[in-house]
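The next block holds one structure in the form of structure tokens; read it before the comments.
Where a number appears in this text, it was derived from the coordinates with a stated rule and is not lab data. Bear in mind the structure is a predicted one, so any value in this text is a computation, not a measurement. Here the Cβ is made from the backbone with ideal geometry for all residues, glycine too, and neighbour counts use every protein chain on show.
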Amino acid sequence: MDLAYLDHLAVQGESPLHKASAPAKLAFLALCLAGVIMARSVLAAGLEIAVLLAVIWWARLPLGRLFHYTLYPVFFSSVFALAGVEGFWPSGVMVILKAFGAALAVILVICSTSYVEVFAFLGRFLPTIVVDGLLVTYRSFFQLLSKMGNLFRTIRLRGGYSPLALFRNIRNYGAALGLIFIHSWEMAERMYKIMALRGYQGGIPSGNKAKFSPYDLLPLGLGTAILVMVVSI
Amino acid sequence: MRELARVRCLRHVYPDRTEVCLCGLDFVVQEKDRLVVLGPNGSGKTTLLAHLMGLLEPVEGEVEVFGTNPCKDFDLVRRRLGVVFQNVDEQIIGPTVWDDVAFSLLNNGIPVDEACLMVEEILEDLGISHLRNKIPHYLSGGEKRKVALAGAMVMKPELLILDEPFTGLDPKSKGEILEALLKLNEKYGTALVVTTHEIDLVPVLANKVYVLDRGNLVLCGTPGEVLTNLEVLQKACLEPPILVELFRRLADRGLAVGTPITMEEAEEQLLLLVGYSGQG
């Protein structure tokens, strides 16, 4: 469900970061991740996180919600830190900060770059069939999501969900997933026919080719600044 | 007038053994036709369209599109055919509106520069140029329908097949789609084959109407001939347009009125009835 929300944030956003091209933002991501890897002190990692949080706030992205997504890597890195780093707490904190920083950078880029732009960029390197697969998956995902939402809503409205009846819930939602599978199968058949009728010969056009714009200077400059800052501390 | 398609007494059996027979009158589409197929649910409308597109092969009977068997010469036929399905969400493949409209052009090897011009022209025709960079699943139902229509029309097909194009649209969007279809028919001479339950739109849209009743093509004629034939419409479980129903009731009460099928005709008749001359 959250993929739709992230896509919505990326497509509807109006900030200068949203307006920068996908290659520039992917370069920004690479610079940030390099910064995370090269950070040698808690201060350096902490400063990078502070800058990323400031950028998220400035790009008018919902800080609280995005922070929630970073909890997954933070949780698993905490387990790793507790299990692997014995006694020396700064090393444990570094592991957690690095995971948090990397997750923030990835989420920031995902929430400000539409999948379409990313796929168009990937299309320059990946085989056509792979990019077509990604694009069709992207389109189908939103259709299935809406079907799934309707189906789950119907189950609740028709009394198929009760907080205390775990087994009945599992059975009902299992049946619903089966139904979704059949729907998706039928949908795939229909889409195949449509693509044949529309003359698909291998290659969904993606004219969204990134062009350099002044907005690109922002992620490129910011990424470089983060890396320089982290390395110099 | 050149004949574009003909269907003669076809029989189709689906994998679950459901049998659909389309017999009775021959189904004929001619150049520049605006043809509407009326019929209740399950009467075989979608089966008929699927045969015209070459997606199904009949067990018996004859289907000819552009003088050839669409199933055997699928590639040949699909280049001259445009299709808008009922569920346009599944039809829009491109990641953006521009990409989707350009889909058929680029897959048919049309050079990018030429494709750009053709895409811009059709977007302009349908008044959706401002949507060109939008991502399809964030569009409204009416906008999606227009994008699908643009994608189907961009190759300037001789025949455009639309399966219930007005379903789920608000009155304004219905009007816009109707206007777009008439414009495309006029500008490019594209013949239209439309299935619909929107009987009130038929007089404006169609120049020829077929009525399907349980697999039988029972009636063919102009909208005036078909929509005033209440007996056939009722037998086929179809409701006549509200104007036809109203004026038939007035006639039954002894008023000297005809059976108008458009608002203008009805207005004229009512003014005559109340003796309004239009001179104050």
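Below are the figures for this structure:
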| item | result |
| --- | --- |
| Projected-area mean, segment A:112-233, by convex hull of Cα positions, square nanometres | 13.5 nm² |
| Computed FRET value (nearest 0.05) for B:Leu246 with B:Ser140, which takes r as the C-beta separation and R₀ as 35 Å | 0.60 |
| Rg in Å to one decimal, and Dmax rounded to a whole Å, for the protein assembly as shown via C-alpha atoms | 29.4, 103 |
| Over segment A:189-233: Kirkwood hydrodynamic radius from C-alpha pairwise inverse distances, Å | 14.7 Å |
| FRET efficiency, A:Leu179 to B:Tyr276 (Cβ-Cβ, R0 51 Å, nearest 0.05) | 0.30 |
| On Cα atoms only, tilt of B:112-125 relative to the major axis of chain B in degrees | 20 degrees |
| B:Met1-B:Lys187 pseudo-label distance in nm [points 7 Å out on the Cα-to-Cβ vector] | 2.3 nm |
| Residue-by-residue Karplus 3J(HN,Hα) for segment A:127-133, coefficients 6.51, -1.76, 1.60, Hz, glycine and proline x | x, 3, 4, 5, 5, 4, x |
| Chymotrypsin sites (Phe, Trp or Tyr not before Pro) lying in DSSP loop within segment A:61-112, provided at most 13 other Cβ fall within 10 Å | A:Phe88 |
| Inverse of mean 1/r across different Cα pairs in chain B, Kirkwood, Å | 20.1 Å |
| Pairwise centroid distance, computed over Cα atoms, of segment B:27-73 with segment B:130-204, Å | 19 Å |
| Average projection area in nm² (convex hull over Cα atoms of segment A:126-197, one quarter of hull surface) | 6.1 nm² |
| Furthest towards positive pole of dipole, B:Gly94, B:Val194, B:Gly24, structure part segment B:3-230, Cβ charges | B:Gly24 |
| Whole-number Å³ per residue for the convex hull built on Cα positions in segment B:122-178 | 87 Å³ |
| For residues of B:87-93, the mean tally of beta carbons on other chains within 10 Å | 6 |
| Three principal axis lengths of segment B:1-66 [C-alpha, angstrom, descending] | 39, 23, 21 |
| For chain A, the longest site-free run once GluC sites (Glu not before Pro) in DSSP loop states with at most 15 other Cβ atoms within 10 Å are removed | A:87-233 |
| For segment A:139-146, Karplus couplings with θ = phi - 60° (6.51, -1.76, 1.60), whole Hz, Gly/Pro x | 5, 5, 4, 5, 5, 5, 4, 5 |
| DSSP-defined beta bridges in segment B:3-230 - what % are antiparallel, rounded to 5 | 50 percent |
| Square roots of 5 times each gyration tensor eigenvalue, C-alpha, chain A, largest first, Å | 37, 28, 15 |
| 0 to 90° range, to nearest 10: angle between helix A:42-58 axis and chain A longest Cα axis | 50 degrees |
| Segment A:1-102: projected area of the alpha-carbon convex hull, averaged over directions, in nm² | 7.0 nm² |
| In nm, spacing of pseudo-spin labels at B:Asp113 and A:Leu43 (7 Å Cα→C-beta vector) | 6.0 nm |
| Positive dipole terminus of the protein assembly as shown, leading residue within A:Leu31, A:Ile194, B:Gly275 (C-beta point charges) | A:Leu31 |
